[in-house]
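Nothing in this text is a laboratory measurement; each read-out follows from the coordinates by a stated rule. Keep in mind the model is a prediction, meaning the values are calculated, not measured. Cβ atoms come from the backbone with ideal geometry, glycine included; neighbour counts cover every protein chain shown.
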Amino acid sequence: MPRMDQRLPANVRRDQDPGGRDMLRLEHEGDVVEVALCGAQVLRWLRDGTDLLWTASQPKYAAGQPVRGGVPLVFPWFGDHPDGGKLPAHGFARNQTWQLVHANDTPEVVLELVDDDATHKMWPHAFRLRLSVVLGAKLRLGLSIENTGDQPFSCEQALHTYFSVGDVHTATVHGLEGATCIEQASEPEAKWDRKQPLHFRAETDRIFQGVPDRLELRAPALARTVVLQTTGAQSAIVWNPWPNKTAKLSQMAAEDWQQFCCIESANVRAHAVTIAPGESHALTLRLDCRAS
Ligand code: BG6
């Protein structure tokens, strides 16, 4: 099991992010993916030097905090903690330091987080999370959640991917037509056609349930289409904060909302996953980006 001080394949390098935090840099035929050990967060995915993921314009690379951008992980609850209070939004996995437990020259890295005294204070269960990041012609992320305790537990989880779209007004999401939708935005679009591809015309914060495995994000402003292919994900959350919510968010400049949208590959609310002792759940996301 390689740790940060052990030998890695030539195409996986230890590095530091702009905040001096430990990260891994994987390279494959000129493409690069950077993964921070903090939160096992994919920070960037570069193809021909172009960022395919989005990062806020005032990013903070701070210890124990997610960067607003890339792919933060959500676990074991989505959004605010169900009991309110002071527990972190979207759970604690994105704030913890993960360990590198495997690397190979595919290139692939596997990071791991297990429960400890600190996590027990927030969530009283024994678990092992593993995130596998594989860089090839596509980027593949696999989150596995193992119940290492002796009681079943229920958890929510998401790969909270921030995508660059150039101009969110022209971006569209395809594949969610007709899916059950729970609107969460404070200032949502008054009326929209649920049978049509999703357009961004107002603050958008929609949980879709029972979603298909294949979604498409079209970003004509960047002449780019991203195909999201999942396994083990019943939910998708589509999010853009529009200007009023942006003003309340960390790491964002006033105009940032125009440049991105999030599509989260997830299992939340009615699709929270219950895992028996000794069992696991796997959620995978494969991203493919094409010129269009
Ligand atoms: C999305 C939620 O998942 O994450 C939004 O649906 C939320 O409501 C957004 O604002 C960002 O959350 P955070 O905690 O990273 O600021």
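Listing for the model above:
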read-out	value
Positive-end residue, segment 174-292 charge dipole about Cα centroid, Cβ charges, pick of I182, A253, L287	L287
All-pairs alpha carbon distance profile, the chain, 10 Å steps from 0, percent	6, 29, 38, 22, 5, 0
Long-range amide H partners of A93 with built H, under 5 Å	F75
Around I207: net Lys/Arg minus Asp/Glu count, Cβ-Cβ under 10 Å	-1
Distance histogram in 10 Å bins (all Cα pairs of segment 211-263, percent per bin)	21, 40, 32, 6
Nonlocal amide H pairs with V165, under 5 Å, H built at 1.01 Å	F260, C261
Quarter of Cα convex hull surface for segment 1-152, i.e. mean projection, nm²	9.8
Largest-first ellipsoid semi-axes for segment 178-292, taking √(5λ) over the Cα gyration tensor eigenvalues, angstrom	25, 18, 15
Alpha-carbon Debye profile of segment 90-188, log10 I(q)/I(0) at 0.19 Å⁻¹	-1.10
